[in-house]
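First up is the structure itself, then whatever we jot down about it.
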Amino acid sequence: MIAEDIPLPHGRPGTRRSVPVLRFGAPAGGGPKAYIQAGLHADESPGHLVAQHLRERLTDLDAGGLVRGEIVLVPCANPIGLDQVLLGQHAGRFELASGVNFNRAYADLAARVADRVAGRLGPDAGRNVQLVRAELRAAARTLPAQTEAEALRRLLLSLAADADIVLDLHCDAEAVMHMYTGAELWPAAADLAAETGCRAVFLASESGGEPFDEACSGLWWRLRARLGGEAPLPAACLAATLELRGQSDVDDALAAEDAAAILRFLTRRGLIAGEAPPLPPALCEATPLAGVLRVRAPSAGIVAHKVALGTRVAAGEVVAELVDPVAGTRTPVASALEGLVWARARDRYVGAGDIVASIATPEACVPDGAKLLSS
């Protein structure tokens, strides 16, 4: 294992933040590369704990010469957000200085890379991928970084842009295991969903907001579109946001099993020597991210959930009631469509328009061009 501690520039006087980076196996170029990061939303602790189990297991595997290619692990991807505690509440999702979500506004490198490789690609898809990756590394290193948060985005993208596999570990407020990935990457990524026990998988080519995983994978199909199909160019990065249930699901035994599932996936993909056990059966089918139904509160009140996470509900079925603590009235909140309740609000006191629950459906629930991710 090679451990680095990479400082972030632009901290205020008297402060210093850095990002720990752990490298296992051969250096880049010696085989497939996987990149795994945890805690980009710094208040989502399940990923931090899974990363520690990965660190321990990968250290042993690397010492035994069992890591093939390179695995880069960033166990704490956001030291800025990790330090944002307000009145006893951890605020790790948004940068307080700008209000920007830490998992948004990642650079689209397709345009600048297209200019660099135009006319240089040939009939060999593998060679084309290597050429593009070299330009990706160069382009990522030259991204502007005028603030500490921009420097963090540049660093993380520089570490991941040339990887074959990118796993961004997150969680929701309260949720079942689920995952986001590119539509073009499905069903190729179905083994990851099955291995980790995902109860929902959401597909999109472009979700809006420029999240980290799409900056790594989506650039390949955007680049292909810019080049007009002049040469074969596959989607060479399987990137996924893996959502490790809810924020309170921080448990050593659970984290150890999640880490073991990720390692089995990497073994199956050839990054760890050995033979993975048979793939478990899939627990769900993938649905479009545009098919996520956000059930919102019609008025303010105390949320009394009526169905458990992971429950399939029918159209018109009541999923919660809103209790007015002054008037004592109860207002039913129903799902407009049939689907799986995969996430719900952690706060039990909501205002009108707040999300109460999220339901996975196969039908588009938002207009074309709308942003598909919540804030």
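Taking label positions 7 Å along the Cα-Cβ direction at both L82 and H10, the computed distance is 2.0 nm, reported to one decimal. Filter the GluC sites (Glu not before Pro) in region 257-357 to those in DSSP coil with at most 11 other Cβ atoms within 10 Å of their Cβ, and list the result. Within region 257-357, the qualifying GluC sites (Glu not before Pro) (loop, at most 11 other Cβ atoms within 10 Å) are E275.
The smallest convex shape that holds all Cα atoms of the chain, its convex hull, gives 147 Å³ per residue.
With angles folded into 0 to 90 degrees, how steeply does helix 252-268 sit against the dominant principal axis of the chain? Use alpha carbons for both and round to 10. Computed tilt is about 40 degrees. One chain, two ends: A91 and A370. Fully extended at 0.36 nm per residue, the span grows by 97.8 nm beyond their Cα-Cα distance. For the pair E257 and A352 in one chain, pulling the backbone fully straight at 0.36 nm per residue adds 30.3 nm over the alpha carbon distance. Considering only C-alpha atoms, what is the centroid distance from region 258-301 to region 302-357, in Å? After rounding, the separation between the Cα centres reads 25 Å. Computed from phi, the 3J(HN,Hα) profile of region 104-119 under the Karplus parametrisation 6.51, -1.76, 1.60 (θ = phi - 60°) reads 9, 6, 7, 5, 8, 7, 4, 5, 5, 6, 4, 5, 7, 10, 4, x Hz, with x in place of Gly and Pro. The length gained by stretching the chain between A334 and M1 to full extension, at 0.36 nm per residue less their Cα-Cα distance, is 114.7 nm. For region 174-315, the gyration tensor built on C-alpha atoms gives an oblate shape. Its axis ratio a/c (a ≥ b ≥ c) is at least 1.5, and a/b is not larger than b/c.
Selection among V74, A236, A260 by position relative to the dipole of the chain gives A236 as farthest towards the positive end (Cβ unit charges, Cα centre). In the chain, the longest principal axis of the Cα atoms and the axis of helix 212-227 are about 60 degrees apart. The trypsin sites (Lys or Arg not before Pro) of region 4-104 that DSSP puts in a loop, and whose beta carbon has at most 10 other beta carbons within 10 Å, are R16. The long axis of helix 45-63 is offset from the longest Cα principal axis of the chain by roughly 30 degrees. What separates the Cα centres of region 22-94 and region 121-159 is a distance of 20 Å.
Taken together, the values in this text are just the output of simple stated rules run on the coordinates, not laboratory data. What you see is a predicted model; the values in this text were computed from it and never measured. FYI the Cβ positions are ideal-geometry reconstructions off the backbone, even for glycines, and counts take in every protein chain you see.
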